[in-house]
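Note sheet for the following structure.
Values in this text are rule-based calculations from the coordinates and carry no lab data. Keep in mind that what you see is a predicted model, and the values were worked out from it rather than measured. With ideal geometry, Cβ positions are generated from the backbone for all residues, glycine too; neighbour counts draw on all protein chains shown.
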Amino acid sequence: LSLRFPQKLWKMLESGKFQSIWWSEGGKCVAINKDLFEMEVLGREGQQVFHTQKMKSFMRQLNAYGFIKMQRDFQRSASLPEFLAEEAAASAHSQILYYYNPSFNREHPMLLETCKRR
């Protein structure tokens, strides 16, 4: 059984196996360290998570499923690990991308079913 894009993304976020992507804003946003994500996820040899190796294609998938890019002027993350990850990424001059989708919320996994391709 192959998972749809939102389920793959959710599973990846919940696994804790990746340093390049995490829940932000208390589980309402997806934070992606662009440079690290390209190496850690999209650059994997043999065991690709998504059907692409290009960041633009991955971002197109996010947009196709209704994710919108957020600017980083909202409040700091509440949890210490999230805050530290964001600080470390910022200090490394990495580009952190934030994406939001009302149907993609860590606190409400049942909404995932409503996360459909446009």
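Observations
- Adding -39500 (n - 2.57) for every DSSP H run of four residues or longer, then dividing by how many residues the chain holds, sets the calculated 222 nm ellipticity at -9000 deg cm²/dmol.
- Extension gain, HIS108 to LEU80, is 7.9 nm, computed as 0.36 nm per intervening residue step minus the present C-alpha separation.
- Here's how it looks for GLY66: its modeled amide H is under 5 Å from those of ARG118, which are all 5 or more places away or on a different chain.
- Sequence ranges 34-41, 105-112, ranked by mean other-Cβ count within 10 angstrom, highest first: 34-41, 105-112
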